[in-house]
1. If I ask for residues that are polar (S, T, N, Q) and in contact with a Gly (Cβ under 9 Å, 6 or more places away or on another chain), which ones from the stretch 160-200 would you list?
2. I'm checking my understanding of the structure. Among residues of the stretch 220-231 that are of a type outside the set (Val, Ile, Thr) and surrounded by fewer than 19 Cβ atoms within 10 Å (Cβ to Cβ), which one is farthest from Val320 (Cα to Cα)?
3. Might you let me know whether the stretch 207-224 holds any residue that is over 29 Å from Gly338 (Cβ atoms) and either among the hydroxyl-bearing types (Ser, Thr, Tyr) or at pLDDT 90 or above (or both)?
4. Looking only at helices (runs of 4 or more DSSP H) that lie completely in the stretch 263-353, which have at least 3 residues being under 27 Å from the mean Cα position of the chain (by Cα) and exposed (fewer than 15 other Cβ atoms within 10 Å of the Cβ)?
5. Read through the list (1) out of contact with any Phe, Trp or Tyr (no Cβ under 8 Å at 6 or more places or on another chain); (2) under 23 Å from Phe261 (Cβ atoms), then give the number of the only condition that Gly312 fails.
6. Going by the conditions given, is Ser165 more than 20 Å from Phe233 (Cα to Cα), surrounded by fewer than 17 Cβ atoms within 10 Å (Cβ to Cβ) and modelled with pLDDT under 95?
7. Can you tell me how many residues in the stretch 1-31 are part of a loop (DSSP other than H, G, I, E, B) and within 15 Å of the chain's Cα centre (by Cα)?
8. Inspect all residues belonging to the stretch 85-99 and state whether any of them is more than 25 Å from the chain's Cα centre (by Cα) and of a type in the set (A, V, I, L, M).
Amino acid sequence: MITFTAIADFLLYTVFSYLAGSVVLKFVPEDKKPRISESKALLLICVAGTALFSLAPLIELTVFLENGEGWIGTFLTVLLESGNGHGWLVTVALSLLLGFAIYFDTSKYNQAYYLILLILVIGYFSHVASLSLWSGFASHSLHFFFMVIWTGVLLHIAWFSIDDSNWARFLSWFTPYAVFCVAALIATGVFIMFYFVEPESYANSWVLPYGQMLLLKHLSIIPLLAAAFINGFLNKGRLLDRTWLKVESLLLFFVFLFTAFMSKQAPPHEIHHTFQAEGAAPLVVLLKGEQSIPFDASLDWSVNGIVLFVIGILLLSMMVFSSYRQVSSWLPFLFGTGFIVTVYIGLMLNVSF
């Protein structure tokens with residue numbers, strides 16, 4: 001079920017980003033963005049996906065609670081008597097309103113209103129909000145908001161722009177816009193992380209499945225930021241080249257995927273207790289062997305680990321240098337992916353618990 005709900009979350013982030021990008025670009029004058037091919041049918045599919053993919057946690061809870069009493073009866077109980085169920089009902093209602101707004105071409109303000117309400121619903125029923133209602137609600141809502149309005153515009157321009165008109169004018173506002181969104185994402189992300197992992201326990205949390213996904217998420221952000229830097233600054237004086245925008249969006253999907261799987265793991269509020277309940281992450285067992293309490297993460301340099309670090313830095317450098325050449329989008333994407341893999345394994349080989 002973890003894989004099922006994590007993939008559902010990944011798809012939820014994707015469709016929500018597409019919807020947010022569509023709404024944001026409606027507020028941008030035509031002479032400050034490339035021409036974009038947008039399908040109303042695809043927008044409505046994404047609206048339906050918002051309701052459908054957010055149903056996954058209810059299905060997971062139903063499967064967990066069902067005890068021979070019938071799946072439908074258990075599902076209705078979860079739907080009508082749990083906070084997650086109430087949140088999904090509100091999500092469905094707002095999704096219908098947003099779908100009608102898109103179908104009947106109502107004003108951009110109307111569509112933005114329903115989209116923001118959906119974001120607030122996601123923030124209100126988030127895990128962090130259950131720990132600290134108002135600060136958790138605010139931080140998660142802001143984090144999700146900045147994520148989708150940045151990634152949504154990126155997805156539209158990377159995959160659905162049909163010419164290079166107004167490219168310089170587009171970058172003149174999108175570059176500072178993206179920088180601000182990324183800064184806000186990092187700030188709110190760190191704030192949320194401290195609800196689950198104390199700073200001094202960050203390395204120790206890598207023993208756990210949650211900590212592994214958190215580490216992979218952080219590593220995947222590095223090549224993503226490199227691609228964003230290339231698009232925003234190194235390619236600023238050139239014509240529109242969707243190659244690098246596609247690279248950035250593909251690397252973004254890694255962040256979505258690791259975030260989705262991380263959110264389904266038990267948070268390490270108290271690492272040793274979580275370890276007793278969950279055990280070590282499979283990747284830790286594979287690379288480091290079985291682990292036992294107590295553990296204290298520390299650097300333990302190895303030749304293989306150092307070599308992998310060096311390879312990772314070289315791959316990231318090659319990714320940046322390839323922006324000066326006409327290359328297939330797959331090549332810098334593979335460089336970025338290789339950086340994540342090699343630095344992750346190198347770090348695991350250089351850490352002892």
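The values are calculated or read from the model by the stated rules, or taken from the named source; none is laboratory data. All values derive from a computational prediction rather than experimental measurement. Glycine also receives a Cβ, built like all others from the backbone with ideal geometry; neighbour counts cover every protein chain displayed.
1. Keep residues of the stretch 160-200 that are polar (S, T, N, Q), which gives 161, 165-166, 172, 175, 188.
Correct list: Thr175 only.
2. We begin by selecting, within the stretch 220-231, every residue of a type outside the set (Val, Ile, Thr); these are 220, 223-229, 231.
Applying the additional criterion that residues be surrounded by fewer than 19 Cβ atoms within 10 Å (Cβ to Cβ) yields 225, 229.
Numbers: Leu225: 11, Phe229: 9 Å.
Per the stated criteria, the residue is Leu225.
3. Within the stretch 207-224, none of the residues are over 29 Å from Gly338 (Cβ atoms) and either among the hydroxyl-bearing types (Ser, Thr, Tyr) or at pLDDT 90 or above (or both).
4. Numbers: elements: 271-278, 282-288, 303-321, 330-349.
Ranges flagged: 282-288, 303-321.
5. (1)
6. Values: more than 20 Å from Phe233 (Cα to Cα): no; surrounded by fewer than 17 Cβ atoms within 10 Å (Cβ to Cβ): yes; modelled with pLDDT under 95: yes.
No; evaluated as a whole, the condition is false for this residue.
7. First, pick out the residues of the stretch 1-31 that are part of a loop (DSSP other than H, G, I, E, B): 1, 27-29.
Still in the list and also within 15 Å of the chain's Cα centre (by Cα): none.
Number satisfying all stated conditions: 0.
8. So in the stretch 85-99, the residues more than 25 Å from the chain's Cα centre (by Cα) come out as 97.
Then drop every residue that is not of a type in the set (A, V, I, L, M), which leaves 97.
For the stretch 85-99, residues more than 25 Å from the chain's Cα centre (by Cα) and of a type in the set (A, V, I, L, M): present.
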